[in-house]
Amino acid sequence: MAKIGVFDSGYGGLTILEKMRHALPQYDYIYLGDNARTPYGTRSFEVIYEYTWQCVRHLLLHENAALVVVACNTASARALRNIQQLDLLKIWEQDGSDVRRVLGVIRPTVERVSAFTRSKHVGVLATPGTVASESYILELEKQDPSLIVTQEACPMWVPLIENAEHTGDGADYFVKKYVDEILCRDPEIDTLILGCTHYPLLRKKIEAALPAGVHVLAQGDLVASALTDYLERHKALEEKLDKNGTCEFLTTEHPEKFRQSASVFLNDLNISAKHIDLQ
Ligand code: DGL
């Protein structure tokens, strides 16, 4: 029997894990944060891919995850396609089973955008890595070629959150800076995608910086609902999953550091994590 793996470069994926556990509490989850090497968002394509595959492979081969959700937009944008199209095939060949799967967070997000936008002007706030990949532009165009998409890289937001500075006055300046910049480039935006799993922690400040009528789209509920649908359609995989309602945490950082920071995301002081070394 097997678990659902959830991977992020840092703590942002916890915002997705929380919604997944709320929607699907019966499954056993294992979260891996590559906290020692975060942030990924400002790194090169090659490094993001290498780190992401190390983490996903660890969950698949050493932690008995049958399904891994890459709960990181940067990793989804930069590494998911190679993993799905090349690396997984090698693993399937080695163990003679093709049940293991790896999913991302960008597709479930863009699939729902048309339900929100009226003006067809959509904004994407994301890390520099996600913006440079143009994944959102490409995926949104596939959904609806008439959408007008504007992206804005927000390099200061992940560091603010990772350092627990996201609720203070200092964060207001950087939230307003990027929100103003994207709206200045396209004032007709009526739907703003938070294209980084860290950003829901800044949601209140982002909403406060926006004019009325702009809808903010966070990913947690969208990914949880897409996963529910996916498991209904993939019975062979679903039947392999353990259903004890457990959740474990792995980190490449020190477990105590993980506990302190993860408590900000999950509002739970009793998180206990295990340190892992990746090869
Ligand atoms: N949480 C990641 C994302 O969704 C970004 C964090 C990072 O830069 O590593 O893109």
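Taking the Cα centre of each part, how many Å lie between region 82-111 and region 167-226? Rounded to whole Å, the Cα centres lie 30 Å apart. A straight chain from HIS275 to ASP180 at 0.36 nm per residue would run longer than the Cα-Cα distance by 30.2 nm.
Amide H to amide H distances under 5 Å link GLN151 with VAL124, where only residues 5 or more positions off or on other chains count and H is placed in the peptide plane.
Ranking GLY220, PRO200, TYR230 by how far each Cα lies toward the positive end of the dipole of region 183-232 (charges on Cβ) leaves PRO200 at the top. Antiparallel beta bridges, as assigned by DSSP with both residues in the chain, represent about 0 percent of the total such bridges. Taking 1.567 mPa s as the viscosity and 4 °C as the temperature, the Stokes-Einstein diffusion coefficient of region 172-279 based on its alpha-carbon Kirkwood radius rounds to 75 µm²/s. Taking every DSSP helix (H) stretch of at least 4 residues in the chain, weighting each as -39,500 (n - 2.57) and dividing the sum by the residue count yields a mean residue ellipticity at 222 nm of -13000 deg cm²/dmol. GLN260: net charge of surrounding residues, Cβ under 12 Å, Lys/Arg +1, Asp/Glu -1, itself excluded? So the environment of GLN260 carries a net charge of -2.
Taking R0 as 22 Å, what's the FRET efficiency between TYR173 and VAL264 from their Cβ-Cβ distance, rounded to 0.05? That pair, TYR173 with VAL264, gives E of 0.65. Each of ALA171, LEU140, VAL99 was placed along the dipole of region 95-179 (beta-carbon charges, centred on the mean Cα), and the one lying farthest toward the positive end is LEU140. Taking the longest Cα principal axis of the chain as reference, the axis of helix 45-57 is set at about 40 degrees. With 27 Å as the limit on Cα-Cα distance, the pairs of LYS176/LYS274; LYS142/LYS240; LYS120/LYS177; LYS120/LYS204 that go past it are LYS176/LYS274; LYS142/LYS240.
With R₀ set to 41 Å, the beta-carbon distance separating HIS62 from ARG203 gives a calculated FRET efficiency near 0.75. For the chain, the longest principal axis of the C-alpha atoms and the axis of helix 255-266 are separated by about 50°.
Spacing of the modelled spin labels on SER44 and LYS90, each 7 Å from Cα toward Cβ, amounts to 1.9 nm.
Each reported figure results from applying straightforward, stated rules to the coordinates on display, with no laboratory input. Only a predicted model underlies this, so the values are computations on that prediction, with no experimental measurement involved. Don't worry about glycine lacking a Cβ; one is built from the backbone with ideal geometry, like all the others, and counts go over all protein chains shown.
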